[in-house]
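Everything on this sheet refers to the single structure shown next.
Just so it is clear, none of the values below were taken in a lab; they were calculated from the coordinates. All figures in this text were calculated on a predicted structure; none of them were measured in a lab. Neighbour counts run over all protein chains shown; Cβ positions are idealised from the backbone, glycine included.
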Amino acid sequence: GQADAPGAPWFWSDRYDAHVEAVGDMTVPAGGRIVDREVRGVVVASFALAADGTLRGAASIDDPMTVKAARRIIDRGIVVDAAALADPAVPVKSLARG
């Protein structure tokens with residue numbers, strides 16, 4: 001599917017029993033990095049961070065709220081803490097407040 005709302009590009013897809021969503025750009029810029037969020041050893045979301053700590057992109061499996069919050073963070077240019085992004089105990093929504 002494709003959303004026509006303004007802001008970061010977004011897409012979703014249902015594949016078998018998995019709901020996949022992504023927002024923004026997962027290409028890692030120079031000096032940036034990918035941060036994975038794991039639950040019990042399984043990656044449930046990945047985030048692309050720029051060198052300055054701003055979020056560039058996010059992708060998740062079966063967690064649309066993470067992508068919705070990430071889209072808000074990307075659109076607002078909020079700098080996020082990589083450790084908080086990686087921590088499944090920290091709701092991504094809480095990071096959208098900046």
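Among the residues of region 39-50, what is the count of those that are loosely packed, with under 12 Cβ neighbours inside 10 Å and aromatic (Phe, Trp, Tyr)?
Number of matching residues: 0.
Within region 32-44, if we keep just the residues that are free of Cβ contacts under 8 Å to residues at least 24 places away in the same chain and in a strand (DSSP E or B), the residue that is nearest to residue 10 (Cα to Cα) turns out to be 34. Those residues that are buried (at least 18 other Cβ atoms within 10 Å of the Cβ) and assigned to a loop (DSSP other than H, G, I, E, B), I need them from region 51-98; list them, please. Result: 63, 80, 96. For region 45-98, residues that are under 14 Å from residue 26 (Cα atoms), among the β-branched types (Val, Ile, Thr) and under 10 Å from the mean Cα position of the chain (by Cα) total 2. Taking every residue in region 20-31 that is under 19 Å from residue 43 (Cα atoms) and pairing it with any residue that is polar (S, T, N, Q) and not in a strand (DSSP E or B), at least 6 positions away or on another chain, the pairs with Cβ-Cβ distances below 9 Å are 21/66. Residues that are of a type outside the set (Asp, Glu) and on the phi > 0 side of the Ramachandran plot do occur in region 50-72, at least one of them. The residue that is nearest to the chain's Cα centre (by Cα), counting only those in region 21-31 that are surrounded by fewer than 17 Cβ atoms within 10 Å (Cβ to Cβ) and either assigned to a strand (DSSP E or B) or not aliphatic (A, V, I, L, M) (or both), is 25.
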